[in-house]
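Beneath this line is the structure, given in structure tokens, with notes to follow.
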């Protein structure tokens, strides 16, 4: 279940953590989406393909004053980070010479109690906790049977 908190969340063991520049937040009937740009210096082509391209990923998205600051800096009392722990679908990505762009799709059922407004057009940290192929059940069935003759 997705959560959004203003308190310091529990630490998670992530496969990968990197900064993102969030774009518009879009809310539909059953899904919400947030666009994100990722600098090529922070994530390589092979990594984005392995972690996000055509994947369902368990993520933590943290935005706020501390998201773009050096981790070693101590936060001030009024520095507030907003956090979402959720599952996203990322069907594809696009690339330019400087950055990658992805759209993270969230299931609205999972985000019932989450206010997404603080995430619009902000700098954030994206933690990829785990990821798997979106079409694990369908990608092996191509209509042909392997093995012997009939």
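Conditions: (1) surrounded by 10 or more Cβ atoms within 10 Å (Cβ to Cβ); (2) at pLDDT below 95. Residue 59 meets all but one. Number of the miss?
(2)
Just to be sure, is residue 11 at pLDDT 95 or above, surrounded by fewer than 18 Cβ atoms within 10 Å (Cβ to Cβ) and over 11 Å from the mean Cα position of the chain (by Cα)?
no
Would it be correct to say that residue 4 is part of a strand (DSSP E or B), at pLDDT below 85 and surrounded by 13 or more Cβ atoms within 10 Å (Cβ to Cβ)?
Yes.
Among the numbered criteria (1) at pLDDT 85 or above; (2) surrounded by 16 or more Cβ atoms within 10 Å (Cβ to Cβ), which one does residue 81 miss?
Here residue 81 meets the rest and fails (1).
The values are calculated or read from the model by the stated rules, or taken from the named source; none is laboratory data. Values in this document were obtained by computation on a predicted structure and should not be read as measured data. All Cβ positions, glycine included, derive from the backbone under ideal geometry; neighbour counts span all protein chains shown.
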